Structures are given as C-alpha cells and as structure tokens.
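J.: There's a structure below that I have some questions on.
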Amino acid sequence: MSTPAILVTGGAGFIGSHTCKALAGAGYLPVTLDNLSRGNRQDVRWGPFVEADTRDTARVAAALRQHRVSAVIHFAAYAYVGESVEQPEIYYDANVGGLLSVLRACREAGVDKVIFSSSCATYGIPDAVPICEDAPQRPINPYGRTKLIGEQVLIDYARAYGMHHAILRYFNAAGADPAGELSEKHVPETHLIPLALMAAAGRIPRLDVYGTDYPTPDGTCIRDYIHVADLADGHRLALTHLLGGGADLELNLGTGHGQSIFEVLDAVRRVTGRSVPTRLCPRRPGDPPALVADAGRARRMLGFAPQHSGIETIVRHAAPSFGVEKRHEERA
Ligand SMILES: NC(=O)c1ccc[n+]([C@@H]2O[C@H](COP(=O)([O-])OP(=O)(O)OC[C@H]3O[C@@H](n4cnc5c(N)ncnc54)[C@H](O)[C@@H]3O)[C@@H](O)[C@H]2O)c1
Ligand SMILES: O=c1ccn([C@@H]2O[C@H](COP(=O)(O)OP(=O)(O)O[C@H]3O[C@H](CO)[C@@H](O)[C@H](O)[C@H]3O)[C@@H](O)[C@H]2O)c(=O)[nH]1
C-alpha cells in the first residue's frame, strides 16, 4: 500500500512543522503548502514543499491532485490577537478566505477530510474553567471570530457537501521538538515562554508582565500550556480517526491544567537557573483572565494523553531555542 499523502497548509510554521515530523514518523507523507509569510523553509524536512498561498485555489487543487492527497490539515492562518484588532482585514482575508479557498480546492479534487486549527480564543471570556467543548463561544477579538467562522463553515460544509472534519481548539502551544530537530519560534515573537527565556538569556532587557490585578490567585493570567509535540500527536490521532471513517470531531486540545504567568516565570528560573527580570505592566487588551481546557472529550474520543506537557518539560525543551543553558541536562 502506498504512503497516504496529507496536505499540511502552514506546515512551515511552529505547530505545522512539528506535526509534519509526527506524521512522517507515523507513516504518512506530509506535503507542506505555505507562503512563508511567517514560516521557515528550513523547517520543511519531512516531505515535499509547495510554496503557495492558500487563497490560490488553483495551486492548492493542483497540489492535492499531484500528490493524491487523502486529507488536509489546515494550519495556515495569522494568529495574533493584538494584530487582529489593528488589522482585521488581513485576518478575515487569510483565515476565512484561505479556508474557503482550501475547501473549494478539496471539493474540486475530491478530498473530503479536513482537520482545522481552531483556538480556545473562540470561547472569549468563559463563564467557568475548565472549559468544555459545549461552552458558549463568544470570541472577544477578530482573531477568535475568524476561527469561530471557520468552525461554522466546516459544520455547514459537512451537512451540505459531506466534507468530514476535525475541529481542534488548541490552548497555548509551547515547547519544541524533544529530539531538538525543531525549535520554538514565532514571527513576530510575542509569546510568554519565548520572551521569558529571552529575558533570562539577556537577549531582551526584561519581560513585561501584562496585568497583576486579574481575579486569579496571584493576580496574573492563567493559561493551559500544551507541548507542541503533544499537539502534533493529537493531529495524528485525529487523522487516523477520520481516515478510519470516524465521526466528525470538535475537540479541545489542552492539558486540563493551568499556570499563571508567575508560575511560568518560576519554572523558567528553576530550569535555567537564571533570573528573569520583569516589569509589572497594565493589562494587555483582549486577554481573558483564565483559559484552561476540559480535556476529557479528546481523551475519550481519541485516547489523547499529553506526554510532554508539564510546564518544566515545556520550558526545558524550548530553552535551547533561545540560547539559554539548561541546568538539568541529565533530565532531557
Ligand atoms: N500557537 C498557538 O498557541 C495556537 C493556539 C491556537 C490555535 N493556533 C492556530 O494554529 C495554527 C498554527 O499556528 P502556529 O502557532 O504554528 O503559527 P505560525 O505562524 O508559526 O504558522 C502559520 C503558518 O501559516 C503560514 N501562512 C499564513 N498565512 C498563509 C497563507 N495565506 N497561505 C499559505 N500559508 C500561510 C505561515 O507562513 C506560517 O508558516 C494557526 O491556524 C493558529 O491560529 C495556534
Ligand atoms: O510579554 C508577554 C507576553 C505574554 N504575556 C501574557 O502571557 C499570557 C499568554 O500570552 P501569549 O503567550 O501571548 O499567548 P496568548 O495571547 O494566550 O495566545 C496564544 O494562545 C492562544 C490560545 O490561548 C492562541 O489562539 C494564539 O494564537 C496564541 O498566540 C497572556 O496572559 C499574556 O498577557 C505577558 O505577560 N507578557
């Protein structure tokens, strides 16, 4: 039997490149399609590369046909809350327009299985944590709205066209390939753990802590940090489920445990043995106080069980990406 080919849009990006590695390890051929606006060509190492924009429907359809693709994993999107508030047009265009174009290409090429990168940002400010999948989805910024629209498009396309889907709502992706073949990087860099490591390494003067007056035990925001290798494995499981004829899925991918900003900074200090200079700042607009997944449905439906997602492991695997010496080499 030939190796099933999977089109991975955004496969040159952070989560996409880690997922391509996991897919190749599981016997799939990942075909990356990326416009390199925010990804890295050198991280496309586990299958062919198509440099194209998702909105170029003809190029996407040609890639699907050329590689006889069995399913699509659609990562390609812009993913910054603040930027989406400043420039909503590029978000609706790339995130919603890109998805519509990929789905049109799938229908033209006869591909009927799509895995979609959604986000806990679709929940907005939740009424309660942990957040289960049936909680109300009331995004509070354009980024979250583009993801919710994407989910709704997929649900409508399933009813009308029989397009099968797995909607995966990631919580905070972090860390890097445990084997060290890929690093944690984002363009531009605005994420907490990378910036804390850069502050520990002396590459930036300090980490700004956005808000210490939230209704949380230490006053800082709580997030559910999930290791990128665990997220990659979640995609492998969802793909196996869909290719095996399993029902459509709408799942959180998180750990079920939250860390405050101060707890993350403590982990960075413990792992690196270095101090993290900080400056206490006002809240960043658009940040919900606490986002933690109810991870039960993914466990029940897919057997999803994060292996690397302790905060210290995440920080230890991310640290080399930022040139911070690890204090606990023996524990790698
Ligand atoms: N990082 C997180 O914590 C997180 C959490 C929830 C959801 N997500 C979602 O996961 C997906 C991947 O996120 P990431 O952190 O790996 O981001 P990333 O920016 O590292 O990767 C996105 C990739 O998509 C590519 N891309 C963007 N627009 C494109 C277009 N129009 N055509 C072709 N390629 C395009 C970029 O070049 C980049 O390589 C995104 O859809 C994001 O919204 C991320
Ligand atoms: O310099 C910094 C950077 C971040 N934070 C705080 O740290 C927390 C986490 O922030 P960040 O790492 O920027 O992640 P999020 O804003 O939670 O967004 C990420 O996680 C979302 C899911 O929660 C995804 O949808 C987004 O794409 C992804 O960027 C938030 O409370 C931030 O205010 C700081 O205090 N200082």
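The values are calculated or read from the model by the stated rules, or taken from the named source; none is laboratory data. No experiment lies behind these values; they were computed from the predicted model shown. Neighbour counts run over all protein chains shown; Cβ positions are idealised from the backbone, glycine included. For the accessible areas, the whole protein counts, side chains as well, though only heavy atoms, and no ligand, DNA or RNA atoms are used. Shrake-Rupley method; radii C 1.70, N 1.55, O 1.52, S 1.80 Å.
J.: Does residue 191 count as within 11 Å of ligand 1 (Cβ to nearest atom) and either open to solvent by 40 Å² or more (accessible area, probe 1.4 Å) or free of Cβ contacts under 8 Å to residues at least 40 places away in the same chain (or both)?
T.: Values: within 11 Å of ligand 1 (Cβ to nearest atom): yes; either open to solvent by 40 Å² or more (accessible area, probe 1.4 Å) or free of Cβ contacts under 8 Å to residues at least 40 places away in the same chain (or both): yes.
Taking the combined requirement at face value, the residue satisfies it.
J.: Hey, can you tell me all the residues within the range 277-294 that are open to solvent by 30 Å² or more (accessible area, probe 1.4 Å) and in a strand (DSSP E or B)?
T.: 278, 279, 280
J.: While we're here: Has the range 151-170 got at least one residue that is closer than 18 Å to residue 96 by Cβ, under 17 Å from the mean Cα position of the chain (by Cα), without any contact (Cβ under 8 Å) to a residue 24 or more places away in the chain and crowded, with 21+ Cβ neighbours inside 10 Å?
T.: Looking for residues that are closer than 18 Å to residue 96 by Cβ, under 17 Å from the mean Cα position of the chain (by Cα), without any contact (Cβ under 8 Å) to a residue 24 or more places away in the chain and crowded, with 21+ Cβ neighbours inside 10 Å, one finds none in the range 151-170, hence no.
J.: Does the range 247-276 hold any residues that are open to solvent by less than 10 Å² (accessible area, probe 1.4 Å), closer than 30 Å to residue 149 by Cα and touching a helix residue (DSSP H, G or I) at 6+ places or on another chain (Cβ under 8 Å), and which are they?
T.: 249, 251, 252, 253, 254
J.: Could you identify the single residue in 50, 111 that is assigned to a strand (DSSP E or B), in contact with a helix residue (DSSP H, G or I) (Cβ under 6 Å, 6 or more places away or on another chain) and not polar (S, T, N, Q)?
T.: Among 50, 111, only 50 is assigned to a strand (DSSP E or B), in contact with a helix residue (DSSP H, G or I) (Cβ under 6 Å, 6 or more places away or on another chain) and not polar (S, T, N, Q).
Residue-by-condition table, conditions (1) under 25 Å from residue 313 (Cβ atoms); (2) within 10 Å of ligand 2 (Cβ to nearest atom); (3) β-branched (Val, Ile, Thr):
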site: 219; (1), (2), (3): no, no, no
site: 225; (1), (2), (3): yes, yes, no
site: 231; (1), (2), (3): yes, no, no
site: 239; (1), (2), (3): yes, no, no
site: 254; (1), (2), (3): yes, yes, no
site: 264; (1), (2), (3): yes, yes, yes
site: 271; (1), (2), (3): yes, no, yes
site: 274; (1), (2), (3): yes, no, no
site: 277; (1), (2), (3): yes, no, no
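J.: Going residue by residue through the range 166-178, is there one that turns out to be away from ligand 1 (no atom under 16 Å from the Cβ) and more than 30 Å from residue 109 (Cα to Cα)? Lay out the reasoning, then the answer.
T.: Of the range 166-178, the ones away from ligand 1 (no atom under 16 Å from the Cβ) are 178.
Okay, now just the ones that are also more than 30 Å from residue 109 (Cα to Cα), so 178.
Within the range 166-178, one or more residues are away from ligand 1 (no atom under 16 Å from the Cβ) and more than 30 Å from residue 109 (Cα to Cα).
J.: Same structure again: Failed condition for residue 80, given (1) surrounded by fewer than 20 Cβ atoms within 10 Å (Cβ to Cβ); (2) at pLDDT 95 or above, with all others met?
T.: In the conditions (1) surrounded by fewer than 20 Cβ atoms within 10 Å (Cβ to Cβ); (2) at pLDDT 95 or above, residue 80 misses (2) alone.
J.: Return only the number of the condition from (1) in a helix (DSSP H, G or I); (2) touching a Lys or Arg at 6+ places or on another chain (Cβ under 6 Å); (3) within 12 Å of ligand 1 (Cβ to nearest atom) that residue 242 does not satisfy.
T.: Status for residue 242: all satisfied but (3).
J.: Determine whether residue 45 is more than 8 Å from ligand 1 (Cβ to nearest atom), open to solvent by 50 Å² or more (accessible area, probe 1.4 Å), more than 18 Å from residue 17 (Cβ to Cβ) and modelled with pLDDT of 95 or more. I'd like the intermediate steps shown before the answer.
T.: Details: more than 8 Å from ligand 1 (Cβ to nearest atom): yes; open to solvent by 50 Å² or more (accessible area, probe 1.4 Å): yes; more than 18 Å from residue 17 (Cβ to Cβ): no; modelled with pLDDT of 95 or more: yes.
In short, no.
J.: Still on this structure: Report yes if some residue within the range 131-138 is within 16 Å of ligand 2 (Cβ to nearest atom), within 29 Å of residue 49 (Cα to Cα) and not in a helix (DSSP H, G or I); otherwise report no.
T.: For the range 131-138, residues within 16 Å of ligand 2 (Cβ to nearest atom), within 29 Å of residue 49 (Cα to Cα) and not in a helix (DSSP H, G or I): absent.
J.: Among the residues of the range 245-269, write down those that are outside any loop (DSSP other than H, G, I, E, B) and in contact (Cβ under 8 Å) with a residue 60 or more places away in the chain.
T.: Correct list: 249, 250, 251, 252, 253, 261, 264, 265, 268, 269.
J.: Looking for whichever is in contact with a Pro (Cβ under 8 Å, 6 or more places away or on another chain) and open to solvent by 40 Å² or more (accessible area, probe 1.4 Å) here; the options are 36, 29, 23. Which one fits? Step through it out loud before you land on a result.
T.: Details: 36 fails: in contact with a Pro (Cβ under 8 Å, 6 or more places away or on another chain); 23 fails: open to solvent by 40 Å² or more (accessible area, probe 1.4 Å).
Exactly one of 36, 29, 23 is in contact with a Pro (Cβ under 8 Å, 6 or more places away or on another chain) and open to solvent by 40 Å² or more (accessible area, probe 1.4 Å), namely 29.
J.: OK, next. Among what's in the range 295-320 and is assigned to a loop (DSSP other than H, G, I, E, B) and of a type in the set (Gly, Ala, Ser), pick the residue that is nearest to residue 185 (Cα to Cα). Break it down into steps so the answer makes sense when it comes.
T.: First, the residues of the range 295-320 that are assigned to a loop (DSSP other than H, G, I, E, B): 295, 303-310.
Next, from what is left, pick out any that are of a type in the set (Gly, Ala, Ser): 295, 303, 305, 309-310.
Working: 295: 26, 303: 28, 305: 24, 309: 18, 310: 19 Å.
Among them, the one singled out is 309.
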